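The values are calculated or read from the model by the stated rules, or taken from the named source; none is laboratory data. What you see is a predicted model; the values in this text were computed from it and never measured. Cβ placement follows ideal geometry from the backbone for every residue including glycine, while neighbour counts extend to all protein chains displayed.
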């Protein structure tokens, strides 16, 4: 009788750490602590900046979670502008707000603002409310004003006033990166939270150069290649510019391959993702979280593949599969 095989020893597994939920009422300041204490010098300076702009600091207090000082202020609306590096205004969204606010008869949602260094203020999350109030002819906007200029970047990264698509987000990121390069020229790494993904910097430049760039078709492969740079932003932007030019070259060749498919009779809206998937050398490569492929080598291979693309090798099941999984495009062709 054959001997039974001994069971293979089980691999030791590391138990997952459970997130410890804070007890209710255990974090931050009490209501009394929010209003207690003397404002530091930077907040006193902020109050003077508000008054110098023709505004009025209605109150200063510490916000209840982190204890950071904030000024609640009434500001002349012409002294408050959106940050120059956020996405474009949605005219439809601003018009809806302008129609709704009069029905309520009150403006109840303060914008966030920080000093712009030139006697005015910029808002990282109030573009549409500012536009609506300007449309209504308002004299004043109420704002939560913070002394730390860098908070504008951080709040912008968390902005959920109107959902971003890839194009909006990438353009917002490249504008922030350019603002950093012009201001203090710190590294991408120093702003990794605000910029979110290094791929967005490159794709943002592509959208600057071509508003109809199909970022969604390439985001996956670019994300597997780009990593945060630690040198000055002005230096890393030059590298991103070169990467963007190479991506735009690839996109042009992919467009020509798509035309070959159309000439062969294919009419699906997923032809571009099909071409990109076919020429993507990283499509089936599983890499570790921190492992990045070489950008230039990867895109060069894709460019070569797009040049040699053979439309006759695409089958009906390829088109069906692309339509099933979505294709990853963001609407730009």
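Filtered by the rule that a residue be modelled with pLDDT of 60 or more, loosely packed, with under 15 Cβ neighbours inside 10 Å and either under 20 Å from residue 217 (Cα atoms) or under 9 Å from the mean Cα position of the chain (by Cα) (or both), segment 148-163 gives a lone residue, 158. Restricting the first member to segment 20-38 and to residues that are not assigned by TED's automatic domain parsing to the domain that holds residue 66, and the second to residues that are surrounded by 10 or more Cβ atoms within 10 Å (Cβ to Cβ) and part of a helix (DSSP H, G or I), the beta-carbon pairs closer than 9 Å and six or more apart or on different chains are 28/34.
Would a scan of segment 200-207 turn up a residue that is more than 30 Å from residue 57 (Cα to Cα), surrounded by 15 or more Cβ atoms within 10 Å (Cβ to Cβ) and in contact with a strand residue (DSSP E or B) (Cβ under 9 Å, 6 or more places away or on another chain)?
First pass over segment 200-207, keeping only residues more than 30 Å from residue 57 (Cα to Cα): 200-207.
Restricting the remaining residues to those that are surrounded by 15 or more Cβ atoms within 10 Å (Cβ to Cβ) gives 200-207.
Within this subset, residues satisfying the condition of being in contact with a strand residue (DSSP E or B) (Cβ under 9 Å, 6 or more places away or on another chain) are none.
No, segment 200-207 contains no residue that is more than 30 Å from residue 57 (Cα to Cα), surrounded by 15 or more Cβ atoms within 10 Å (Cβ to Cβ) and in contact with a strand residue (DSSP E or B) (Cβ under 9 Å, 6 or more places away or on another chain).
For every residue, the table says whether it meets (1) at negative phi; (2) part of a helix (DSSP H, G or I); (3) more than 17 Å from the chain's Cα centre (by Cα).
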{"residue": "173", "(1), (2), (3)": "yes, yes, no"}
{"residue": "190", "(1), (2), (3)": "yes, yes, no"}
{"residue": "212", "(1), (2), (3)": "yes, no, yes"}
{"residue": "222", "(1), (2), (3)": "yes, yes, no"}
{"residue": "246", "(1), (2), (3)": "yes, yes, yes"}
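Screening residue 127 against (1) free of Cβ contacts under 8 Å to residues at least 12 places away in the same chain; (2) in contact with a strand residue (DSSP E or B) (Cβ under 6 Å, 6 or more places away or on another chain) leaves a single unmet condition, (1). Take the residues in segment 78-100 that are touching a helix residue (DSSP H, G or I) at 6+ places or on another chain (Cβ under 6 Å) and part of a helix (DSSP H, G or I), then tell me which one is surrounded by the fewest Cβ atoms within 10 Å (Cβ to Cβ). By that ranking, first place goes to 93.
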